[in-house]
Amino acid sequence: MSDSMAVLSVAASARSRASFERSLPQFASVDVRSAADGAGALDALSAAPADCVLAEHGAGSDALAVLRLVRDANPAVPVVVFERAGADSVAADAISLDVTEYVRERDAEDALAAVARTCHDAASSYRAERDVAMLNELARNVYERMTDAFFALDRDWRFTYLNAAAEELLEVDSDEVVGENVWEAFPEAIERDFYTEYHRAMATQEPVTVHEYYPPLDKTFAVRAFPSEDGLSVHFRSVVSDTDATREDPVMELTNVLSSDLADSIDAVRADVAALDEACDCEGAPIDDVAASLDRMEDLVNHAVRLASERPMPADRDR
């Protein structure tokens with residue numbers, strides 16, 4: 001991953017565009033390319049994505065027009081508006097259009113340095129959040145490919161995710177149960193070991209094993225549940241005999257993928273976030289949000305590793 005952030009500057013004046021391209025890299029680690037107007041900006045973004053868009057306002061440039069077009073095309077990419085001295089303020093309108101940052105030339109002792117730092121910080125946060133989203137999507141794809149069924153619960157026992165195997169075994173649609181309390185969705189589980197063991201897992205922060213019959217579905221489930229500060233990750237399968245219950249967990253395949261691919265990626269993103277935090281002295285969100293997401297991803301990796309390493313062996317289960 002390049003340390004330089006890709007910034008697209010949009011200004012009607014060729015002089016302004018040249019100034020941005022020449023000056024901004026002197027104050028921050030950014031690579032700058034330019035467009036003359038909103039249409040040109042969309043063409044440039046189609047040709048190559050940017051980590052941040054800088055829209056000049058004043059000197060013949062209409063930042064609001066650029067902001068509208070960019071937001072329609074990409075609601076997530078940061079947009080920084082640079083209001084030139086003497087231009088009418090459009091801060092209120094820009095905020096209503098979800099501008100990321102608004103810099104006034106007259107408010108900054110060194111306006112271009114302020115713009116460069118603002119663009120760099122916005123772009124860095126965007127890139128880190130994008131990397132976390134990519135990791136989340138990778139994890140989701142891995143869980144969808146799992147042989148075992150899997151669902152996740154938050155601390156209030158609400159479903160936050162079910163993979164396709166879980167939907168099939170539980171005979172539910174994830175769109176209908178995500179956000180619902182597991183004990184309300186499956187009330188008869190309250191009288192069985194599922195309820196006791198899941199609560200024990202959350203209280204002790206230690207993984208638990210459940211082998212239990214659930215009458216409403218006429219199925220026996222072999223379950224491994226892994227707690228974290230955010231909730232419970234539950235891996236399970238349907239079994240029809242003790243032999244099936246003691247077979248080796250196919251989740252080892254998931255463990256190998258997560259521990260080798262996701263863990264390395266998480267470490268790389270965490271290093272980028274730490275460097276960003278040190279460089280910009282940022283406090284609070286979005287840096288903290290990104291760090292929290294990385295911690296959650298790391299929890300999932302650790303849970304998968306523990307699932308493989310701690311699963312009971314057949315001899316242990318037969319005792």
Kindly check whether there is at least one residue in the stretch 66-87 that is exposed (fewer than 13 other Cβ atoms within 10 Å of the Cβ) and either more than 24 Å from the chain's Cα centre (by Cα) or more than 18 Å from Tyr126 (Cα to Cα) (or both). yes
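Report whether or not Asp72 is more than 27 Å from Asp277 (Cβ to Cβ) and free of Cβ contacts under 8 Å to residues at least 12 places away in the same chain. Don't jump to the end; show me each part of the working.
Details: more than 27 Å from Asp277 (Cβ to Cβ): yes; free of Cβ contacts under 8 Å to residues at least 12 places away in the same chain: yes.
Considered against the rule, which asks whether it is more than 27 Å from Asp277 (Cβ to Cβ) and free of Cβ contacts under 8 Å to residues at least 12 places away in the same chain, Asp72 comes out as yes.
In the set Ala36, Ala41, Ala48, Ala65, which member is farther than 18 Å from Thr100 by Cα and free of Cβ contacts under 8 Å to residues at least 40 places away in the same chain? Step through it out loud before you land on a result.
Working: Ala41 fails: farther than 18 Å from Thr100 by Cα; Ala48 fails: free of Cβ contacts under 8 Å to residues at least 40 places away in the same chain; Ala65 fails: farther than 18 Å from Thr100 by Cα.
Answer to the check: Ala36.
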Here are the criteria: (1) at pLDDT 95 or above; (2) among the β-branched types (Val, Ile, Thr); (3) over 23 Å from the mean Cα position of the chain (by Cα). Tell me which single one Val30 does not satisfy. (1)
Looking at the stretch 45-59, can you tell me whether even one residue there is at positive phi and among the small types (Gly, Ala, Ser)? yes
Take the stretch 189-205 and flag every residue that is out of contact with any strand residue (DSSP E or B) (no Cβ under 7 Å at 6 or more places or on another chain) and surrounded by fewer than 17 Cβ atoms within 10 Å (Cβ to Cβ). Ile190, Glu191, Thr196, His199, Ala203, Thr204
Can you run down the residue pairs with Cβ atoms below 8 Å, 6 or more apart or on separate chains, where the first is in the stretch 127-153 and at negative phi and modelled with pLDDT under 80 and the partner is of a type in the set (Asp, Glu) and surrounded by fewer than 21 Cβ atoms within 10 Å (Cβ to Cβ)? Asp131/Asp272; Leu138/Asp261; Met146/Glu253; Thr147/Glu253; Asp148/Asp249
Those strands (runs of 3 or more DSSP E) lying entirely in the stretch 1-90 with at least 2 residues under 27 Å from Glu109 (Cβ atoms) and basic (Lys, Arg): none
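Consider Ser228 carefully, then state whether it is within 24 Å of Leu294 (Cβ to Cβ), of a type in the set (S, T, N, Q) and either at pLDDT 90 or above or surrounded by fewer than 20 Cβ atoms within 10 Å (Cβ to Cβ) (or both). Break it down into steps so the answer makes sense when it comes.
Values: within 24 Å of Leu294 (Cβ to Cβ): yes; of a type in the set (S, T, N, Q): yes; either at pLDDT 90 or above or surrounded by fewer than 20 Cβ atoms within 10 Å (Cβ to Cβ) (or both): yes.
For Ser228, the condition - within 24 Å of Leu294 (Cβ to Cβ), of a type in the set (S, T, N, Q) and either at pLDDT 90 or above or surrounded by fewer than 20 Cβ atoms within 10 Å (Cβ to Cβ) (or both) - is met.
The values are calculated or read from the model by the stated rules, or taken from the named source; none is laboratory data. Everything numeric here is computed off the predicted structure, so don't read it as measured data. Heads up, the Cβs are rebuilt from the backbone with ideal geometry, glycines too, and the neighbour counts pull from every protein chain shown.
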